[in-house]
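Chemist: What follows is a single structure, and I will ask about it in a moment.
Coordinate-derived values only; no laboratory data. Everything numeric in this text was worked out from a predicted model, so none of it was measured. Quick reminder, even Gly has a Cβ in these numbers, built from the backbone with ideal geometry, and neighbours come from all protein chains shown.
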Amino acid sequence: MDKNFLLTTKTAQKLFHKTAKNLPIFDYHCHLDPKEIAENKKFSNLTEIWLGGDHYKWRQMRAAGFSEAIITGKADDYDKFLAWAETLANSIGNPLYHWTHLELQRYFGIYEPLTLQTAPEIWNKANRILQTEELSIKGIFEKFNIYAVGTTDDPADSLEWHRQIAAGTAKIGKIKTKVLPSFRPDNALTIEKSTFSAYIRRLESVCNKKILSVTDLTAALKDRLDFFIENGCKVSDHAFDFPPFAFLHSDSTKNLKALNDVFKKALNNEPVSDLEAEAYKTYLLAELANAYSQRNIAMQLHLSVIRDTNKNAFKALGANTGFDAVHDYQITEKLANLLSYMSRESSLPKTILYSLNPKDYYPLATIAGAFQGDSAETEKLPANKKTTAGKIQLGAAWWFLDNKDGIRDQLKTLGNLGMLSSFIGMLTDSRSFLSYPRHEYFRRILCGLIGEWVENGEFPNNMEKLSEIVKNISFYNAKAYFENQAT
């Protein structure tokens, strides 16, 4: 993993080192804690910052045979670190091997492989550096030239930490990095969950108004969306096993009346059927999409996840602990119908489509191509004006797919079927402040792939044009897309 790691051609090396390497980072989707950012948290040791909450590593440690006590339990932090060192030394072919060593190199200046033998020295050196200002959150943001991060936030959140950060009154002080909330209303959409009624009551208290119908809920969510936008929000986020598309009645008035009945059942903690839940999600998501479109907010749809598959583990440890998997739903028809339904009313916002299943890459890329712009938008523009480039995006290789092969497959699919040069690039989707080298990992893979194409004679060796494409995919497309700039 030297300076030309993953850069197998001269063109790739030139593109990465002269163009991509030092560009700013727009990490538009992550799960960083805004409270930790506001407090400029320093981490006491590698285990806390590396293994705390990182279910990627937890899964790998389970596969290596370690007990839950040393993975998520109350074992000593150093013992946990040694378990991770042993796990990593055996993780040939796994992206965690690459990420971990890029993090050791970029944050700590440590270039030797992490093994049980090197672990004590690495532990001591890294922990000393963690106590310096360079490895405070402010220091990390500055070191990696983080232009902006998009956290993931519930509509009922007060955004107090975001407001303090923006005002410069938080402990972290004034920072160049924009810390932007993202609107994630999953709790309002999952009407089938036992927690739904309690969540609606929580939302009522935040909005200071009764929510007795789907119409009331829609209005409340739009109010909260406006509050989020006042505090810098640029994007919404939704997670679905599969895209919803169902109706209880073909007549819109009757459909809404039926959905209000379903809503009342859920408020009373009565069970709702699968069809009722899907019809409710279809209606509410379409209403939200219209609101996003009117406010120029991008919509992220994360699809094809089956969550908490190990029910015993979920009962013991809760969600987001490493027991999710790739789903194999057939999503194409419902997604196409959903986007068409939204577009019919000129309500389709900028949309980013992610799937955890690589089988969906071709369907998603071709569906995206069918909805680039729409007639209502383009008919209003003079001939010499352009709509949003890449309005509908095939989202970055996500979660289980953000490995070398998954990233290459996503890039190649978009190159084959769409406009790769309009792609908004990489995100970490991470809870860890040590994850920024994943952007470097992505940029190395991107430059490597483009270098191969150029040296195979598939695209001209015009460094000015190639550099422009790499710069845009690495940073500037995302900046323009989320900040509503012309491209």
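Chemist: Excluding residues on the same chain fewer than 8 positions from Lys222, give the aspartates and glutamates whose Cα lies under 16 Å from its Cα.
Modeler: Once the sequence-local aspartates and glutamates are set aside, what remains near Lys222 is Asp153, Asp154, Asp157, Asp186, Glu204, Glu230, Asp237, Glu287.
Chemist: Can you give the Rg to Rh ratio for the range 330-466, taking only C-alpha atoms and Rh from Kirkwood?
Modeler: 1.00
Chemist: Another question, then. Binning every alpha carbon pair distance of the range 74-199 at 10 Å from zero, what are the percents per bin?
Modeler: Histogram of Cα-Cα distances, whole percents per bin: 11, 27, 24, 28, 10, 0.
Chemist: Check each of the trypsin sites (Lys or Arg not before Pro) in the range 45-146 and keep only those in coil by DSSP with at most 16 other C-beta atoms within 10 angstrom; list them in order.
Modeler: Here the trypsin sites (Lys or Arg not before Pro) that fit, given the DSSP loop and packing criteria, are Lys74.
Chemist: Restricting to DSSP loop positions (anything but H, G, I, E, B) with no more than 16 other Cβ atoms inside 10 Å of their own Cβ, which chymotrypsin sites (Phe, Trp or Tyr not before Pro) remain in the range 1-68?
Modeler: Within the range 1-68, the qualifying chymotrypsin sites (Phe, Trp or Tyr not before Pro) (loop, at most 16 other Cβ atoms within 10 Å) are Phe5.
Chemist: Next up: Please report how far the C-alpha centroid of the range 450-487 lies from that of the range 138-187, rounded to the nearest whole angstrom.
Modeler: The distance from the Cα centre of the range 450-487 to that of the range 138-187 comes to 28 Å.
Chemist: Okay, moving on. Using a 10 Å Cβ count of at most 13 others and DSSP loop calls, identify the longest part of the chain lacking such GluC sites (Glu not before Pro).
Modeler: Longest gap between qualifying sites, sites excluded: 1-344.
Chemist: Work out the length of the dipole vector of the range 44-135 about its Cα centre, built from +1 on the beta-carbon of each Lys and Arg and -1 on the beta-carbon of each Asp and Glu, and round it to the nearest 20 debye.
Modeler: Roughly 220 debye for the range 44-135.
Chemist: Once you charge only the Cβ atoms, +1 for Lys and Arg and -1 for Asp and Glu, what is the size of the charge dipole of the range 222-321 about its Cα centre, to the nearest 20 debye?
Modeler: So the dipole magnitude of the range 222-321 works out to roughly 140 debye.
Chemist: If one takes the longest principal axis of the Cα atoms in the chain, at what angle in degrees, from 0 to 90 and to the nearest 10, does the Cα axis of helix 332-344 lie?
Modeler: Between helix and principal axis, roughly 60 degrees.
Chemist: Ok, one more. Can you tell me the dipole magnitude for the range 49-97 around its Cα centre, using point charges on the Cβ only (Lys, Arg +1; Asp, Glu -1), in Debye to the nearest 20?
Modeler: Value, rounded to 20: 180 debye.
Chemist: Grab the Cα-Cα distance for Glu464 and Arg307, subtract it from 0.36 nm times how many residues apart they are, and report the gain in nm with one decimal.
Modeler: Here the answer is 52.0 nm.
Chemist: Can you give the convex hull volume of the alpha carbon atoms of the range 44-135 per residue, in Å³?
Modeler: Convex hull volume per residue, Cα atoms: 88 Å³.
Chemist: Which of rounded, prolate, oblate describes the range 115-155, given a ≥ b ≥ c as roots of the alpha-carbon gyration tensor eigenvalues and a/c under 1.5 marking rounded, otherwise prolate only if a/b is larger than b/c?
Modeler: Here the range 115-155 falls in the prolate category.
Chemist: So if I take the alpha carbon set of the range 318-376, get Rg, then get Rh from the Kirkwood formula, what is the Rg over Rh ratio?
Modeler: 1.07
Chemist: Write out the chymotrypsin sites (Phe, Trp or Tyr not before Pro) in the range 227-275 meeting two conditions: DSSP loop, and at most 12 other Cβ atoms within 10 Å of their Cβ.
Modeler: Within the range 227-275, no chymotrypsin sites (Phe, Trp or Tyr not before Pro) qualify (loop, at most 12 other Cβ atoms within 10 Å).
Chemist: Would you calculate the separation in nanometres between label points at Lys257 and Ile229, each defined as 7 Å from the Cα along the Cα-to-beta-carbon direction?
Modeler: Calculated label separation equals 3.3 nm.
Chemist: Run the numbers on the chain and let me know its relative contact order in percent, using alpha-carbon pairs under 8 Å that are six or more apart.
Modeler: 21
Chemist: Answer with one residue from Leu285, Asn145, Gly369: the one whose Cα lies farthest towards the positive end of the charge dipole of the chain, charges on Cβ with Lys, Arg +1 and Asp, Glu -1.
Modeler: Asn145
Chemist: A further question follows. What's the FRET efficiency of Asn208 with Glu36 using the Cβ-Cβ distance as r and R₀ = 25 Å, to the nearest 0.05?
Modeler: 0.30
Chemist: Further, regarding this structure: Between helix 274-295 and the chain, what is the angle of the helix's C-alpha long axis to the longest principal axis, kept within 0 to 90° and rounded to the nearest 10?
Modeler: 80
Chemist: For the pair Lys412 and Asp186, what calculated FRET efficiency results from E = 1/(1 + (r/R0)^6), where r is the Cβ-Cβ distance and R0 = 41 Å, to the nearest 0.05?
Modeler: Taking R0 as 41 Å, the efficiency between Asp186 and Lys412 is 0.85.
Chemist: Between the range 1-69 and the range 385-447, what is the separation of their alpha carbon centroids in Å?
Modeler: 15
Chemist: Using modelled backbone amide H atoms (1.01 Å from N, in-plane), which distant-in-sequence or interchain residues come within less than 5 Å of Ile392's amide H?
Modeler: The answer is Thr351, Gly373.
Chemist: Would you mind giving the average projected area, over all directions, of the Cα convex hull of the range 44-93 in nm² with one decimal?
Modeler: 3.2
Chemist: Let me check I've understood the local charge: for Pro244, count other residues with C-beta under 9 angstrom from its C-beta, Lys and Arg +1, Asp and Glu -1. What total comes out?
Modeler: +1
Chemist: Mind scanning Lys193/Lys334; Lys176/Lys385; Lys3/Lys176; Lys234/Lys281; Lys210/Lys234 and naming the pairs with a C-alpha gap bigger than 31 Å?
Modeler: Lys176/Lys385
Chemist: How big is the Cα convex hull of the chain in projection, averaged over all directions, in nm²?
Modeler: 23.7
Chemist: Positive end of the charge dipole of the range 117-202 (Lys, Arg +1 and Asp, Glu -1 on Cβ, about the Cα centre): tell me which of Ile191, Trp161, Thr118 has its Cα farthest that way.
Modeler: About the Cα centre, the residue reaching furthest to the positive side is Trp161.
Chemist: Given the pairs Lys74/Lys479; Lys35/Lys412; Lys350/Lys465; Lys80/Lys404, which span a C-alpha to C-alpha distance of over 32 angstrom in this model?
Modeler: Lys74/Lys479; Lys35/Lys412
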